[in-house]
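To keep things clear, I will list the structure first and then write my remarks on it.
The values are calculated or read from the model by the stated rules, or taken from the named source; none is laboratory data. The structure presented is a predicted model; accordingly, all values stated were derived computationally and were not measured. Methodologically, a virtual Cβ is constructed for each residue, glycine included, from the backbone with ideal geometry; neighbour enumeration extends over all protein chains shown.
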């Protein structure tokens with residue numbers, strides 16, 4: 001009698017340390033050393049989940065003793081992927097709320113903003129922020145200060161908010177812009193300008209609002225070109241990561257959320273130029289490619305979520321482009337459904353960019369809760 005082959009369970013390993021290596025690790029039984037499969041970990045961060053490709057015939061292996069990797073890396077846990085009985089968005093809300101506090105500030109900031117937009121209680125956000133600040137310590141660069149926006153809404157006089165404010169001041173240039181290593185970076189639209197706008201409102205300090213606008217203007221002058229948005233521009237004039245989807249997302253989302261927070265009239269001519277660029281770069285499948293202008297690159301979900309969230313907000317500032325923005329957001333939401341996992345995550349994100357341009361242009365994709373945080377910045381519900 002013909003037997004029906006069984007499908008091994010889906011298993012993910014939770015990484016216990018950051019690694020800047022690029023290996024296909026052998027997964028071994030911690031007790032017996034027997035080979036179980038392999039896992040492809042490239043430039044992983046603590047708490048990130050990586051799927052294991054299990055060897056045939058080990059679907060019933062007892063994993064209670066844990067696993068070890070060769071080459072070795074610390075593993076904090078094993079997830080057996082089970083289909084959630086909840087509708088996907090409800091399951092995703094649970095995954096976002098229950099996610100491990102990230103050691104990387106911009107990732108944690110995306111998670112916190114997504115939780116806030118889902119109406120998570122202030123007490124829960126405060127508890128998470130307390131854990132983050134204790135773990136993270138001093139602000140460690142401009143990328144790390146996005147959580148200051150959420151914290152400023154809850155406790156505008158919290159010492160860590162002032163820590164971020166002092167960091168921005170130390171990196172401030174004579175023209176008022178905040179730079180990193182002398183370079184304007186697209187992340188600062190979201191991690192500097194947006195928290196400044198929140199803090200301006202919470203502390204009733206118009207000078208902080210003016211500073212936020214100055215930062216957006218500096219980013220626009222340096223990074224917005226006729227056919228590209230740069231992640232950063234080198235001091236030697238080099239164009240770094242033009243039209244990288246997550247860079248597009250940081251630029252556009254930072255602009256749209258900052259302008260929304262400030263709520264004041266301003267010249268949006270160049271913001272409209274950036275919006276038009278993003279609309280023109282949307283791929284036929286509804287998402288934005290990892291490098292949005294390169295047809296050889298596959299779709300990328302984190303940048304796509306950030307861009308879609310920005311376009312949704314752009315409708316308020318650009319009512320004459322509202323129809324185009326709305327259509328683009330609808331297409332993106334439909335395409336994102338193809339990247340849903342059965343347990344409530346969104347796959348299809350490129351790894352953080354410490355692996356360089358080759359990793360970003362390749363087909364390697366990961367799961368991380370911050371992508372859900374960006375997804376929930378798009379006011380959406382199940383159709």
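Observations
- The criterion of being in contact (Cβ under 8 Å) with a residue 60 or more places away in the chain and assigned to a helix (DSSP H, G or I) does not hold for residue 303.
- In the set (1) surrounded by 13 or more Cβ atoms within 10 Å (Cβ to Cβ); (2) farther than 28 Å from residue 373 by Cβ, the condition left unmet by residue 64 is number (1).
- In region 339-368, the qualifying residues are those that are without any contact (Cβ under 8 Å) to a residue 24 or more places away in the chain and part of a helix (DSSP H, G or I), and the one that is nearest to residue 43 (Cα to Cα) is 356.
- The requirement of being assigned to a helix (DSSP H, G or I), assigned by TED's automatic domain parsing to the domain that holds residue 143 and farther than 23 Å from residue 258 by Cα is not satisfied by residue 316.
- None of 66, 47 is over 27 Å from the mean Cα position of the chain (by Cα) and on the phi > 0 side of the Ramachandran plot except 66.
- Among the criteria (1) surrounded by fewer than 21 Cβ atoms within 10 Å (Cβ to Cβ); (2) under 19 Å from residue 354 (Cα atoms), the one residue 231 does not fulfil is (1).
- One residue alone among 359, 338 is under 25 Å from residue 13 (Cβ atoms) and touching a strand residue (DSSP E or B) at 6+ places or on another chain (Cβ under 7 Å), and that residue is 359.
- Yes/no for residue 297 being in contact with a strand residue (DSSP E or B) (Cβ under 9 Å, 6 or more places away or on another chain), closer than 18 Å to residue 246 by Cα, modelled with pLDDT of 95 or more and part of a helix (DSSP H, G or I): no
- Residue within region 285-294 that is closer than 28 Å to residue 149 by Cα, modelled with pLDDT of 95 or more and either more than 19 Å from the chain's Cα centre (by Cα) or not assigned by TED's automatic domain parsing to the domain that holds residue 350 (or both) present: no
- When the criteria are applied in full, residue 177 fails the requirement of being free of Cβ contacts under 8 Å to residues at least 24 places away in the same chain and out of contact with any strand residue (DSSP E or B) (no Cβ under 6 Å at 6 or more places or on another chain).
- Residues being in contact (Cβ under 8 Å) with a residue 12 or more places away in the chain and either more than 15 Å from residue 17 (Cβ to Cβ) or in a helix (DSSP H, G or I) (or both) - total across region 68-89: 12
- Looking only at region 259-284, residues that are part of a helix (DSSP H, G or I), crowded, with 16+ Cβ neighbours inside 10 Å and either in contact with a strand residue (DSSP E or B) (Cβ under 8 Å, 6 or more places away or on another chain) or not assigned by TED's automatic domain parsing to the domain that holds residue 367 (or both) come to 4 in all.
- Hits in region 25-54 - residues which are farther than 17 Å from residue 353 by Cα and touching a helix residue (DSSP H, G or I) at 6+ places or on another chain (Cβ under 6 Å): none
- Any hit, region 156-168, residues being at pLDDT 95 or above, surrounded by fewer than 22 Cβ atoms within 10 Å (Cβ to Cβ) and within 21 Å of the chain's Cα centre (by Cα): no
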